[in-house]
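**Student:** Structure incoming, see below.
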Amino acid sequence: MSQQTKVCIAVFTVALAIRVITVAALLPELRPDANWDYYRDIGRNIAAGNGFVAVDPSGRLLPNVMRPPGYPVLIAALVKLGGDNLGLFLSVNCVLAAITSALTVVLALRWLSLRAAAVAGVLSAIDPDSVVRCATVMSDWLFIMLLTLGVCVLAWRPVKLWAWFLAGLIWSLAVLCRPIGIWLWGVAVIVAFAERRRLAHVALFLAGFLPLIGLWTARNAMLTGHWFFSTAPTYNMVVSWASAIKGRETGQTTEAVQHRYLKEFGDLEFYDGPRAFDERIGAYRRIAREVMRPVPFLMTKEAVLGWGKLLLGPGQRALELWVRKPDRGPRWWAIPYTLALAVLVALAVWGTIRLKRAAVLPAALIVYCVVSGGGPGTNSRFRCPIIPELAILAVAGVVGGTAPTSRQTAEPEH
């Protein structure tokens, strides 16, 4: 067994142990019926043969048009294997997160020595917010694992045409877990341009990336008459952005404006017939235009504040929706954790400078996740996908980088 394999196994074991112990300690405090974002309900219905449906707040069983199918299908498979078991779902989260930490080592070896790569893997394994997020039934860890796997393929086989197709396919599976990845193809284009790849590389990436996303978009179009991958972007424009901006203009809290919008227009989670859905989605788009277009400077301010929360937020309310008795009291660890994150981000910036063009892939992914995840409604959850890249670039900021030694990373295409 090679030293690299031993290090990956060691990091996987450390990450898994930390998460299993944490989840086991938290499990008695978690709500056993928590169903935020309807993932469990959709998964149960898929397992029962009812299709991609869930029970809406009024008690109707309706098609869901906000959540993509990736994570609910995994939940359905787990329900088939072990029933609707919260402990089982969280255990799988722990394994996916531990795999991600091991992949961090694999990715780091593209630029760092084995010892430095091990440090990056450990940083990914011990990040407190990443550990706590394993105690939620959300799509995060399936998305993050697939995202990191795709980065590994592009980083280690950058000249291989098949690698770009495979990376596109892997990233499309990631998008089927979280709609926030819908524009990841832009990252691939930037990387291809910066690394002077051929047009064939981009074409094959898109050939792997677009079909599955197109199929789900076509499903929504056949169902609703509107072409969209998910209603989440439209929903967030109103419930996150427009509500925050309107609240600042009127002196109300964001929550109060959100409640008013949802009461007046309903939400976009379910499809309940052409007339009601058409009126609702039209109202959302109108509100977004009317509130956001006249205030570009306020939107810029909210975006910058959101980027700061994403990168430096300690995640004090990470489990608030999941525990039986939420505790909003002071937490002594929030300030030192934020300071540690600030150091990590600063070192990552310096690491990007030191690696120069070699850092374009991890740096572009970080920028994408920060920009797309930032905004008034952002939180530390949106930082988890870039912890591997931040850890790698931060270590590079301390020790510098090494040139890749594998011929496959540099040989020309014939």
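The values are calculated or read from the model by the stated rules, or taken from the named source; none is laboratory data. Quick caveat: nothing in here was measured; it's all calculated off a predicted structure. For neighbour counting, all protein chains shown are included, and Cβ atoms are generated from backbone atoms with ideal geometry for every residue, glycine included.
**Student:** Among Asp267, Asp278, which is the only one that is closer than 20 Å to Met66 by Cβ, among the acidic types (Asp, Glu) and either outside any helix (DSSP H, G or I) or in contact with a strand residue (DSSP E or B) (Cβ under 8 Å, 6 or more places away or on another chain) (or both)?
**Tutor:** So the residue among Asp267, Asp278 that is closer than 20 Å to Met66 by Cβ, among the acidic types (Asp, Glu) and either outside any helix (DSSP H, G or I) or in contact with a strand residue (DSSP E or B) (Cβ under 8 Å, 6 or more places away or on another chain) (or both) is Asp267.
**Student:** On the basis of being in contact with a helix residue (DSSP H, G or I) (Cβ under 8 Å, 6 or more places away or on another chain), free of Cβ contacts under 8 Å to residues at least 40 places away in the same chain and within 24 Å of Val53 (Cα to Cα), does Leu262 make the cut?
**Tutor:** Criteria met by Leu262.
**Student:** Check whether at least one residue in region 323-334 is modelled with pLDDT under 95, out of contact with any strand residue (DSSP E or B) (no Cβ under 6 Å at 6 or more places or on another chain) and part of a helix (DSSP H, G or I), and report yes or no.
**Tutor:** Yes, region 323-334 contains a residue that is modelled with pLDDT under 95, out of contact with any strand residue (DSSP E or B) (no Cβ under 6 Å at 6 or more places or on another chain) and part of a helix (DSSP H, G or I).
**Student:** From the set of residues in region 234-248 that are β-branched (Val, Ile, Thr) and closer than 11 Å to Arg285 by Cβ, which is nearest to the chain's Cα centre (by Cα)?
**Tutor:** Step by step, filter region 234-248, then rank; the result is Thr234.
**Student:** Applying the selection to region 61-89, what residues are at pLDDT 95 or above, surrounded by fewer than 19 Cβ atoms within 10 Å (Cβ to Cβ) and among the charged types (D, E, K, R)?
**Tutor:** Within region 61-89, Lys80 is the sole residue that qualifies.
**Student:** Here's a follow-up. Sort out which residues of region 368-384 are over 20 Å from Ala242 (Cα atoms) and either small (Gly, Ala, Ser) or in a loop (DSSP other than H, G, I, E, B) (or both), and write them in order of number.
**Tutor:** Listed by number, the list holds a single entry, Ser380.
**Student:** Let me ask something additional. So which residues in region 22-34 are exposed (fewer than 13 other Cβ atoms within 10 Å of the Cβ) and in contact with a helix residue (DSSP H, G or I) (Cβ under 8 Å, 6 or more places away or on another chain), if there are any at all?
**Tutor:** Pro32, the sole residue that qualifies.
**Student:** OK, next. Name the single residue that is nearest to the chain's Cα centre (by Cα) among those in region 193-212 being closer than 11 Å to Phe165 by Cα and among the aliphatic types (A, V, I, L, M). First the steps, then the outcome.
**Tutor:** First, pick out the residues of region 193-212 that are closer than 11 Å to Phe165 by Cα: 200-210.
Remaining after also requiring among the aliphatic types (A, V, I, L, M): 200, 202-204, 206-207, 210.
Details: Ala200: 28, Val202: 23, Ala203: 25, Leu204: 24, Leu206: 20, Ala207: 22, Leu210: 19 Å.
By that ranking, first place goes to Leu210.
**Student:** Just name the residue that is nearest to the chain's Cα centre (by Cα) out of those in region 115-150 that are in a helix (DSSP H, G or I) and of a type in the set (Asp, Glu).
**Tutor:** By that ranking, first place goes to Asp140.
**Student:** Here is a follow-up. Could you check, for region 321-334, whether at least one of its residues is closer than 25 Å to Ser230 by Cα, in contact (Cβ under 8 Å) with a residue 40 or more places away in the chain and under 22 Å from the mean Cα position of the chain (by Cα)?
**Tutor:** Yes, some residue in region 321-334 is closer than 25 Å to Ser230 by Cα, in contact (Cβ under 8 Å) with a residue 40 or more places away in the chain and under 22 Å from the mean Cα position of the chain (by Cα).
**Student:** State which residue is farthest from the chain's Cα centre (by Cα) when the search covers only region 60-89 and only residues that are farther than 21 Å from Pro274 by Cβ and assigned to a loop (DSSP other than H, G, I, E, B).
**Tutor:** Step one: list which residues in region 60-89 are farther than 21 Å from Pro274 by Cβ, which gives 68-89.
After this cut, where a residue has to be assigned to a loop (DSSP other than H, G, I, E, B) as well, the list is 68-69, 83-85.
Values: Pro68: 13, Pro69: 15, Gly83: 26, Asp84: 24, Asn85: 23 Å.
For region 60-89, the residue satisfying everything is Gly83.
**Student:** Suppose we filter region 269-284 for residues that are over 17 Å from Gln258 (Cβ atoms) and either modelled with pLDDT under 90 or not hydrophobic (A, V, I, L, M, F, W, C) (or both); how many remain?
**Tutor:** 8
**Student:** Please verify whether region 111-126 includes one or more residues that are free of Cβ contacts under 8 Å to residues at least 12 places away in the same chain and either surrounded by fewer than 24 Cβ atoms within 10 Å (Cβ to Cβ) or charged (D, E, K, R) (or both).
**Tutor:** yes
**Student:** For region 151-171, which residues satisfy the criterion of being out of contact with any Gly (no Cβ under 8 Å at 6 or more places or on another chain) and in a helix (DSSP H, G or I)?
**Tutor:** Answer for region 151-171, where residues must be out of contact with any Gly (no Cβ under 8 Å at 6 or more places or on another chain) and in a helix (DSSP H, G or I): Val151, Cys152, Val153, Leu154, Ala155, Trp156, Leu161, Trp162, Ala163.
**Student:** While we're here: Can you pull out every residue in region 35-54 that is surrounded by fewer than 19 Cβ atoms within 10 Å (Cβ to Cβ) and modelled with pLDDT under 95?
**Tutor:** Listed by number, the residues that qualify are Asn35, Trp36.
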